[in-house]
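As structure tokens, the structure follows; a few thoughts come after it.
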Amino acid sequence: MPRQVFLYDPPDRFVAGTVGLPGRRSFFLQASAAGRITSVALEKTQVAALAERIDELLDEVVRRTGGNAPVPAMAPTDVADTAPLDSPVEEEFRVGTMALAWDGEEERMIVEAQALVELDADSEEDLAEAEERLLQDEENGPPMLRVRLTGAQARAFAKRALDVVNAGRPPCPLCSLPLDPEGHVCPRQNGYRRGA
């Protein structure tokens, strides 16, 4: 079956967002342009890692070009997007592998999110070989979301993504685990709760 690529070059909007209440949130990447909307599900840690790597890659582009690349040092406020995800949020696939690249000629960040695929292999070598074949197969691989962003759009995406990740449940001041509205059993207090 041929690979389905959801290409947004450029997107009208590319954001990370959530559906649900803190502690039970589902995380999504959502791209939209010309009336099309593509939403892909992923884990909170994947959103955080993607945002951090985007910022690191943009910082490296600025460093290597001596500041001549059209990449702002901070996310510009004029492209900030705080609106919720566009409805309906319909998951196209769950993300397994993500990749980032910088196109120096067109001065664009390329973000790719590929569907999660389970591979059967008898050994570590077979698994590594199967993963490599999957990544190299442009025609028959799993579905993929590919988005091309300006430096400003990429910075704005990274800032919003980190804000979304950090908007969850507050951490316990003792153990840093998330606090639920009904409280939590803190391992640093051996589960002891003070009376109100």
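The values are calculated or read from the model by the stated rules, or taken from the named source; none is laboratory data. Treat the numbers as computed from the prediction; the structure is a model and nothing was measured. Backbone-built Cβ (ideal geometry, glycine too); neighbour counts: all protein chains shown. Side chains included, ligands, DNA and RNA excluded: accessible areas come from the protein's heavy atoms. Shrake-Rupley method; radii C 1.70, N 1.55, O 1.52, S 1.80 Å.
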- Item | Most mobile listed residue (A99, A154, A75) in the chain, GNM with C-alpha springs under 10 Å | A99
- Once you have a ≥ b ≥ c as the square roots of the Cα gyration tensor eigenvalues for the range 1-154, tell me rounded if a/c is under 1.5, and otherwise prolate or oblate according to whether a/b is larger than b/c. oblate
- Take the solvent-accessible surface of the protein heavy atoms, probe 1.4 Å, and return the percent of it on the chain that carbon and sulfur atoms account for. 49
- Note on the structure: Expressed per residue, the solvent accessible area of the chain in Å² (1.4 Å probe) is about 62
- the chain: calculated mean residue ellipticity at 222 nm from DSSP helix runs of at least 4, using -39500 (n - 2.57): -8500 deg cm²/dmol
- Starting from the Cα of V5, step 7 Å along the direction of its Cβ; do the same at R53; then give the gap between the two resulting points in nm. 1.8
- Note on the structure: Per GNM of the chain with C-alpha springs under 10 angstrom, the most fluctuating residue out of M144, M74, M109 is M74
- Query: Using the beta-carbon distance between R146 and N190 and R0 = 35 Å, what value does 1/(1 + (r/R0)^6) give for FRET efficiency, to the nearest 0.05?
  - Reply: 0.10
- Derived scalar couplings ³J(HN,Hα) [the range 58-68; Karplus, 6.51 cos²θ - 1.76 cosθ + 1.60; whole Hz; x for Gly, Pro]: 5, 4, 5, 4, 4, 5, 5, 8, x, x, 8
- Item | For F6, residues with placed amide H under 5 Å, excluding near neighbours | M144, L145, R146
- Message: Taking loop as defined by DSSP and a crowding limit of 11 other beta carbons within 10 Å, which GluC sites (Glu not before Pro) in the range 1-99 fit?
- Response: E90
- Message: Suppose a student asked you for the relative contact order of the chain, using Cα pairs under 8 Å spaced at least 6 residues apart; what percent would you report?
- Response: 28
- Query: How high is the relative contact order of the range 1-74, in percent, counting Cα pairs under 8 Å that sit 6 or more residues apart?
  - Reply: 19
- Query: Among A16, A48, A161, which one shows the biggest mean-square fluctuation in a GNM of the chain, springs joining Cα atoms closer than 10 Å?
  - Reply: A48
- Message: Give me the dipole magnitude in Debye, nearest 20, for the chain about the Cα centre, with unit charges on the beta carbon: positive for Lys and Arg, negative for Asp and Glu.
- Response: 1440
